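What follows is calculated from the coordinates using simple rules that are stated; it is not laboratory data. As the structure is a computational prediction, the values presented were derived from the model and not from experiment. Note that each Cβ is placed from the backbone with ideal geometry, even for glycine, and that neighbours are counted across all protein chains shown.
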Amino acid sequence: MARVAVVTGGTRGIGCAISVALKDAGYKVAANYAGNDEAAAKFKEETGIDVYKWNVASFAECKEGLAAIEAELGPIDVVVNNAGITRDAVLHKMSPEQWNAVIDTDLTSLFNMCRNVIEGMRERGFGRIVNISSINGQKGQMGQTNYSAAKAGLIGFSKALAQEGASKGITVNVVAPGYINTEMVAAVPEPVLAKIIGQIPVGRLGKAEEIARAVTFLASDDAGFITGATMTVNGGQYYA
Ligand code: CAA
Ligand code: NAP
C-alpha cells in the first residue's frame with residue numbers, strides 16, 4: 001500500500017518540488033496551499049497531485065483539511081511542514097502584525113498540523129514528520145527576528161516531539177535550507193541578494209529539488225534510525 005504524505009505549502013517553490021519528489025517515490029501526495037488558486041491549479045494540472053486549500057496558522061482549518069485528506073486518501077503517514085512566509089524588517093521598524101504573521105504561519109502551524117495527526121500515527125506505530133527550518137533560524141539574520149525565532153523554535157519543537165515519538169515508530173526531523181531559488185528569495189532586494197550569493201561558497205542559490213531529495217530520504221522507511229536531527233542544505237554558507 002502506498003503511504004500517504006501531506007506537504008504544506010506544497011504547490012509552489014520548495015514545497016512543489018517536495019510534492020513531486022514524494023509522488024515520484026511512490027507516495028499518495030496531498031499538497032496544501034493558502035490562497036494562490038492560480039498557482040495551485042497549474043500545479044495540479046502539471047503534476048496530477050490533489051490540492052487542498054487552508055491556512056496552516058488555523059488549528060480548526062488544519063483539523064478539517066487533514067480529515068478531508070484522510071477521508072479521500074487514507075491515514076496520513078508523512079507530514080512535511082513546509083509552508084512559510086517572511087515579513088522582513090529590522091526590529092526597530094517591525095510591527096506586531098509582521099511578528100505575529102510569521103510566528104503563526106512558520107511555527108504555530110507545526111502544533112496545528114502535528115497535533116491533528118500524532119494520535120493516528122501513535123496508534124498505527126508509524127510516522128514521518130519533516131519540518132522545514134532555514135539557515136536563518138540557525139545563524140540569525142538581520143531583518144528577520146520574527147523568522148529567525150520561528151525557524152529556530154521549529155528545531156526545538158522537532159527535538160522534543162522526536163523524543164515523544166521514538167518508541168512509536170515516529171521520526172521527527174528538520175531540513176534547514178540555505179538560500180534557494182524561489183519566489184521567497186526573489187523578494188529580497190537585488191543588491192542585498194547579490195551580497196548574499198557572494199557569501200555562498202558553492203557560488204549559487206540552491207535548487208528546490210536539492211531540498212526535496214533530502215526530505216524524501218528523511219520521509220523514507222530507510223531513515224528510521226534518524227530522529228531529532230537537522231540536515232543543513234546550504235551550499236556551505238553556514239556550519240551549524
Ligand atoms: N546579507 C548581507 N547584508 C545584508 C542583508 C543580508 N541578508 N540584508 C541586509 N543587508 C545589508 C544591506 O545590503 C545594507 O547594506 P549597506 O548599508 O552596505 O547598503 C544594510 O544591510 C541595510 O539594508 P537596507 O538598506 O536594505 O535597510 P532596510 O532597513 O531598508 O531593510 C532589511 C533592511 C529588511 C534587512 C532588508 O535589507 C532586507 O530585506 N534584507 C534581506 C534580509 C534577508 O536576508 N532575508 C531573507 C529572505 S529569504 C528567506 O528568508 C529564505 C531563507 O530562509 C533563507
Ligand atoms: P514560496 O515559494 O513563497 O511558497 C510558499 C508556499 O507556502 C506556497 O505554496 C504558499 O501557498 C504556502 N503558504 C504560505 N502561507 C501559508 C499558510 N498560511 N497556509 C498554507 N500554506 C501557506 O516559499 P519557498 O521559498 O518555497 O519556501 C518554502 C519553505 O522553505 C518555507 O517554510 C520557507 O521559510 C523555507 N525556506 C525557504 C528558503 C528559500 O531560500 N526559499 C530557505 C530556507 C527555508 P500559496 O501559493 O497559496 O501562497
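Data table
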item	result
Mean ellipticity per residue at 222 nm, deg cm²/dmol - from DSSP H runs of n ≥ 4 across the chain, formula -39500 (n - 2.57)	-13500 deg cm²/dmol
Rg(Cα)/(2.2 N^0.38 Å) for the stretch 126-240, N = residue count	1.12
14 Å beta-carbon shell around I69, net charge (K/R +1, D/E -1)	-2
Relative packing of 6-14, 66-74, 98-106, which averages over residues the other C-beta atoms within 10 Å, highest first	6-14, 98-106, 66-74
Relative contact order computed over the chain (Cα-Cα under 8 Å; 6+ residues apart), in percent	20
10 Å-binned pair-distance histogram of the chain (Cα, whole percent)	8, 34, 39, 17, 3, 0
Percentage relative contact order, the stretch 91-229, counting C-alpha pairs under 8 Å, at least six apart	27
Relative packing of peptides 195-205, 45-55 - highest average C-beta neighbours within 10 Å first	45-55, 195-205
The stretch 33-93, dipole about Cα centre (Lys/Arg Cβ +1, Asp/Glu Cβ -1), debye to the nearest 20	380
Degrees separating the helix 37-47 axis from the principal Cα axis of the chain, which is the longest one	60
